[in-house]
1. Quick check: convex hull over the Cα atoms of the stretch 168-453, volume per residue in Å³, rounded to an integer?
2. What are the equivalent ellipsoid semi-axes of the stretch 146-264, built from the alpha-carbon gyration tensor (square roots of five times its eigenvalues), in whole angstrom, biggest first?
3. Classify the stretch 3-159 as rounded, prolate or oblate from the Cα gyration tensor: take a ≥ b ≥ c as the square roots of its eigenvalues, call it rounded if a/c is under 1.5, otherwise prolate when a/b beats b/c and oblate if not.
4. Can you give the relative contact order of the chain as a percent, counting alpha carbon pairs under 8 Å and 6+ residues apart?
5. Once you sort the root eigenvalues of the Cα gyration tensor of the stretch 38-114 as a ≥ b ≥ c, which label holds: rounded (a/c under 1.5), prolate (a/b larger than b/c) or oblate (the other case)?
6. Less than 11 Å Cβ to Cβ from residue 30, Lys/Arg counted +1 and Asp/Glu -1: what total charge do the surrounding residues give?
7. What list of whole percents do you get for P(r) of the stretch 363-456, with Cα-Cα distances grouped in 10 Å bins up to the one holding the largest distance?
8. Filter the cross-link list 102/259; 102/123; 102/353; 168/353 down to pairs whose alpha-carbon distance in this structure exceeds 31 Å.
Amino acid sequence: MATTALGDTPAQTIGDLPAVGDQAPAFTLVADDLSEFSLADLPGRKIISIFPSIGTGVCQASVRRFNELASDLEDTTVLNVSVDLPFALSGFCAAEGLENVKVASAFRSTFGEDYGVTLTDTKFQGLLARAVVVVDADGKVLHSELVPQIGQEPDYVEGTPARRSTMKLAVHCANLTWPGGPTALAGHLSGVARAADEGGIATLTMMDHYFQMEQMGGPSEPMLEGYTSLGFLAAQTSRVELGLLVTGVTYRHPGLLAKIVATLDVLSGGRALLGIGAAWYDREHHGLGVPFPPTAERFERLEEALQICRQMWSDDDGPFEGTHHQLAETVCVPAPLREGGPRVLVGGSGERKTLRFVAQYADACNLFAFPVEELRHKIEVLDGHCESVGRDPGEVQRTVISGQDPLDDVDDFLRLAESYAELGIDQVWVGPRADDPAGSVERLCTEVLPRLQELG
């Protein structure tokens, strides 16, 4: 229970706001068409502005102010919540021309109880107190404020964090030559997964190769099948996003790939990531008798695969007719839990095709750790493709895979990460140490991640 005030009269709330660092409580709210949506349906960072009623001048002013601030925020949903009827909320925004904020009603949900903001006394009993809660893309509370006086303005500076997203750390398991050989692999992988899941790592990925890459020892070194491994990891974790960095388009028929990733999403509770690229490792294809078409055809197949996955994860279960793939029924039941399907990341930095596919079909790109000026150029090319296809470049997450071990020199790694952040890159992949996979991930979470997050 917390205390705010209505004029000179103290007013009690039913509970306490979620604390900074906690996972934000799930909720269901009502949109202006009377449909319901949840916290998980909102992309990116969420700024939740809570108030008693849109019928009061001070609450109207707050919605106007957040609408103004929202125009400068990237990858952020600004949500205004009260127990007003949803038509009243949307009608106010329409009359005022407010297009940068989303409104929703808590009139038939437990939102007020779950967030501790329902007033339990005074003439406003049953309405919501004035509060602001900021939630990051992973559901963690970044800021919470119960406004001490209902007629007072919230702290808009703290309530609208800087444009740049918090820098995230991802772990990529590429080198599986770990102590103890094959019999110890499951234990090491479990340890890495638990350390990542509990320590705040955003995404955990495996390779998708038949053979280990030449630069890591070639086919004589261990390589696990990717999606089998992700199923194993899903059972070891509850929070971290899971994917392959990246699936070669030649490895699986795209209809089957869409089904596999949808299955992972369902069984992991909505945590699947589809990382995909055009494939390049000819030796493993020839070695196992898998067709390896010419480069131009592989890119044609990549574009069709992206189209097929998007179609299979939509309401359209009709046929797909492509140059290389023909599907009579794009049925995918059960559908992925994440609305619209798992996030899609396209790996690679080709300026003419790969980055265009990112702009047209993907939620994220993954670039190699080129020198900063070269990365800047790649991002400018990506932004140009976004503009060409009519997409806001801010909708596309920019990520980098680093070959640097942050534990060798944390300060040096953070300086490099700061230069990435200035380019709008907000996630960096690193790998566990081969001699102590789980222990090194634990150290990444305690020695690197907290300082990395301060860059955002």
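1. Numbers: hull volume 36.9 nm³, N = 286.
For the stretch 168-453, the hull spanned by Cα atoms encloses 129 Å³ per residue.
2. On the way: eigenvalues 295, 63, 40 Å².
The answer is 38, 18, 14 Å, longest axis first.
3. Details: a/c = 1.31, a/b = 1.14, b/c = 1.15.
It is rounded, given that a/c, with a ≥ b ≥ c, falls under 1.5.
4. Values: 919 pairs, mean separation 65.1, N = 456.
This gives 14 percent for the chain.
5. On the way: a/c = 1.75, a/b = 1.05, b/c = 1.66.
It is oblate, given that a/c is not under 1.5 and a/b is not larger than b/c.
6. Working: positive: 108; negative: 32, 33, 36, 84.
Local charge sum for residue 30: -3.
7. In order of increasing distance, the bins hold 15, 45, 28, 11, 2 percent.
8. On the way: 102/259 33 Å; 102/123 27 Å; 102/353 35 Å; 168/353 27 Å.
Exceeds cut-off: 102/259; 102/353.
Bear in mind that the values in this text are calculations on the coordinates, not laboratory data. Just so it is clear, the structure is predicted and the values come from calculations on it, not from any experiment. Note: ideal-geometry Cβ built from the backbone for every residue, glycine included; neighbour counts use all protein chains shown.
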